[in-house]
Every structure is written in structure tokens, then in C-alpha cells.
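*Asks:* One structure, pasted below without further comment.
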Amino acid sequence: MPRAPKPTAVVALCGGVGGAKLADGLARVIRSDELTIVVNTGDDFRHLGLWISPDIDSVLYALAGLSDPVRGWGRRDETWSFMAALRQLQGPGWFQLGDADLATHVERTYRLAQGESLSAVTARFAHVLGILARVLPMSDDPVSTQLLTDEGWLEFQDYFVHRQCRPRLERIEFRDAETARAQPAAVAALRREDLRAIVICPSNPFVSIEPILAIPAFRDALRERRVPAIAVTPIIGGRAVKGPAAKMLSELGLEVSGLSVARRYAGLIDAFVLDHTDPPAVPVPGITVSHVPTLMQSLEDREQLAHAVLALADALR
């Protein structure tokens, strides 16, 4: 009998900066049109009348080669005339909007107001930026990440950008996640017959990945998976590569380590990738732990990590 075709499709779940880097690495080592990237929208919000999707934009800019290599967010070679003029008018300047980045938010807001879905707008942007991978929001319905802190309830961007993560975290909720409709093409991608692997990118587990998993259809799809699911640590040597993941782990009473993140995903993944500089791991029941270089400082680093993750998935098939 002829052999079944080798599975080639990959689905990646990710948030912003770190997740976007690995998503870009995956797009570089497999056929881009076989990659589906499901992106967190729990930190989307309206600001100055504009609908802003920070994680979607980070992924689009990374895949298009437009992301700023210094800041890690926004577009490279950005200018800031808009922000200077806004501050001159004593407008709210706490959320940075570069001039080129501003065009993305204006066009998205315009198209949403015309009745297009967030998925349709994202697909349009990906097409005009020359991106072949399919980039999908987790839902076209709004889901809001809310954080209970010692200053009360805060929306994510208020906590993350405006207050620079200073308030002490007590609890996280994803409002409307239980009733939000998962993006249909994203769920279909997770159930493809030719699926090779599911990759959870090195994004903050609490505010980048768990908003996706809070939508029942995604959590169910991972529990019912027929292919290996691999997660990559956002923590190296007890510190977050970028963002507040380490602070959140500590304030929620959890060990600040990659293994703490692995335990968050127990029952949903088959393997977890720790950085090669981390010490040998204490076994996590049901999860294979691998040590490889995970710090992505160059395009070559992104590709090497993508290769390592896919090789691990293939070994577990």
C-alpha cells in the first residue's frame, strides 16, 4: 500500500514580540502557505478612536521584515511627528503610535467601521505586505484581558503600558472569552488531516496564550489533538526575555521558571522546550522536556529554534 503523505501543516499560537519571532522562524523553514498563526487579541483596545491590535501587528511586521529590531515592537525606521503634535496639544501620550504604525490603525479602524471583520482586515494587510502564512485573530468577537491588581481592576494596556506593570497582580480574567466564537479557519487548521505540529510560541502564558485557550473551542481542540503540541519557554534563567511574565509568575505565587510555564500547559501539550542554559528539568508528568538555544537575537536564531521545535514534534509522532 502507498504511504500516507507526510504531514506538513503547522499551527502556531502566539502573542507579540517573542511569539512573532518564532512565527517568523517557522515561516522561514517551512512553506509559508502551510503555516497558520493564531494570534491573541485579548489586548486589543480602542485608543484615540482607533482600534489597535498590538499582537497582530507585531506578527505582521515580523513576517514582513518591518519590525523594529531595537524596541522589539512597532515598525523599523519609525518617525514620531504625530506623537510630538499630540503632546503639544496635551493629548494622551502614554501609548506610543509611530507615524507609519498609525496608518495601520487608521486603516483597520476604517475597514472595521465599513463592516469588515478583523479576520478580513488582517488577511488584507498580510496580502499587501507579501505575507504567505495565514495570520488569524483568535476571534472576530472582542475579548478583553482584565487584571485585578492592588490598584483595582485594570485593562491590559492600562496595566502594561500606562502603568508599566507596576501594580501588583492578583488575578486575571478574560471577559467574554467563554462566549466568543473562535475564528473558524483557526479551529479548522487545528483539525487538519495533514497537520504536522501545534506550536505554542514563547509568549507570555498569562496574557498572550491563555486568552486564546480561554475560548472553549481552542482548548477543546488542543485536548483532542492527534498531533504533537510543543510549547517554548518565554523564561530563560529565571527571567523573562521581554515583558512582565517573570513578575506575573512571582506575584501569582509561582516559581519563576520555564517549568512553571510548562505546568500551566499540562494536559494541552506533549513537550516543552527550555533554554539550553537552564539546569536539568524536574520531570513534568506527561510532558517531554528538551533543552535547546531559545534566545532569538538574529534571523538565524529564529530559524534554528523553529527547526529544533519541528524536529522535536516529528520525534514524538
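The values are calculated or read from the model by the stated rules, or taken from the named source; none is laboratory data. Just so it is clear, the structure is predicted and the values come from calculations on it, not from any experiment. Every residue, glycine among them, receives a Cβ derived from its backbone with ideal geometry; neighbour counts consider all protein chains shown.
*Asks:* Please pick out the residue among VAL121, VAL161, VAL135, VAL128 that is farther than 18 Å from ALA64 by Cα and β-branched (Val, Ile, Thr).
*Replies:* None of the others qualify; the one that does is VAL161.
*Asks:* Still on this structure: Can you tell me how many residues within region 47-78 are touching a helix residue (DSSP H, G or I) at 6+ places or on another chain (Cβ under 9 Å), more than 16 Å from HIS127 (Cβ to Cβ) and β-branched (Val, Ile, Thr)?
*Replies:* The qualifying residues number 1.
*Asks:* Hey, among GLY115, GLY130, which residue is at positive phi, free of Cβ contacts under 8 Å to residues at least 24 places away in the same chain and either among the small types (Gly, Ala, Ser) or surrounded by 15 or more Cβ atoms within 10 Å (Cβ to Cβ) (or both)?
*Replies:* GLY115
*Asks:* Might you let me know whether region 76-99 holds any residue that is closer than 30 Å to PRO184 by Cβ and in contact with a strand residue (DSSP E or B) (Cβ under 9 Å, 6 or more places away or on another chain)?
*Replies:* No, region 76-99 has no match at all.
*Asks:* Now a separate question. Hey, does region 232-243 have a residue that's part of a helix (DSSP H, G or I), at negative phi and surrounded by fewer than 24 Cβ atoms within 10 Å (Cβ to Cβ)?
*Replies:* no
Yes or no, residue by residue, for (1) at pLDDT below 95; (2) basic (Lys, Arg); (3) out of contact with any Phe, Trp or Tyr (no Cβ under 6 Å at 6 or more places or on another chain); (4) farther than 16 Å from THR41 by Cβ:
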| site | (1), (2), (3), (4) |
| --- | --- |
| HIS162 | no, no, no, yes |
| ARG168 | no, yes, yes, yes |
| PHE174 | no, no, yes, no |
| VAL187 | no, no, yes, no |
| PRO211 | no, no, no, no |
| ALA214 | no, no, no, no |
| THR233 | no, no, yes, yes |
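*Asks:* Does region 175-193 contain any residue that is closer than 23 Å to SER119 by Cβ, of a type in the set (S, T, N, Q), touching a helix residue (DSSP H, G or I) at 6+ places or on another chain (Cβ under 7 Å) and crowded, with 16+ Cβ neighbours inside 10 Å?
*Replies:* Checked region 175-193: at least one residue is closer than 23 Å to SER119 by Cβ, of a type in the set (S, T, N, Q), touching a helix residue (DSSP H, G or I) at 6+ places or on another chain (Cβ under 7 Å) and crowded, with 16+ Cβ neighbours inside 10 Å.
*Asks:* Can I ask one more? Given the options ALA20, ALA12, ALA64, ALA27, name the one that is under 24 Å from VAL128 (Cβ atoms), crowded, with 21+ Cβ neighbours inside 10 Å, in contact (Cβ under 8 Å) with a residue 24 or more places away in the chain and out of contact with any Cys (no Cβ under 8 Å at 6 or more places or on another chain).
*Replies:* ALA27
*Asks:* Please specify each residue of region 257-270 satisfying the condition of being without any contact (Cβ under 8 Å) to a residue 40 or more places away in the chain and part of a loop (DSSP other than H, G, I, E, B).
*Replies:* SER257, ALA266
*Asks:* Right, another one. Yes or no: ASP44 in contact with a helix residue (DSSP H, G or I) (Cβ under 6 Å, 6 or more places away or on another chain), of a type in the set (Asp, Glu) and buried (at least 18 other Cβ atoms within 10 Å of the Cβ)?
*Replies:* It is false that ASP44 is in contact with a helix residue (DSSP H, G or I) (Cβ under 6 Å, 6 or more places away or on another chain), of a type in the set (Asp, Glu) and buried (at least 18 other Cβ atoms within 10 Å of the Cβ).
*Asks:* Also, quick follow-up: Tell me which residues, restricted to region 244-256, are part of a helix (DSSP H, G or I) and touching a residue at least 60 places away in the same chain (Cβ under 8 Å).
*Replies:* Scanning region 244-256 gives LYS247, MET248, GLU251.
*Asks:* Anything in region 256-272 that is farther than 13 Å from ILE209 by Cα and touching a Leu at 6+ places or on another chain (Cβ under 7 Å)? List them, or say none.
*Replies:* VAL256, GLY258, SER260, ASP270, ALA271
*Asks:* Can I ask one more? Hey, which of the strands (runs of 3 or more DSSP E) in region 139-209, taking only ones fully inside, have at least 1 residues that are among the hydrophobic types (A, V, I, L, M, F, W, C) and under 20 Å from the mean Cα position of the chain (by Cα)?
*Replies:* Of the strands (runs of 3 or more DSSP E) lying wholly inside region 139-209, those with at least 1 residues that are among the hydrophobic types (A, V, I, L, M, F, W, C) and under 20 Å from the mean Cα position of the chain (by Cα) span 144-149, 169-175, 195-200.
*Asks:* Considering only helices (runs of 4 or more DSSP H) fully contained in region 67-132, which possess at least 1 residues that are farther than 20 Å from ASP44 by Cα?
*Replies:* 81-88, 118-128
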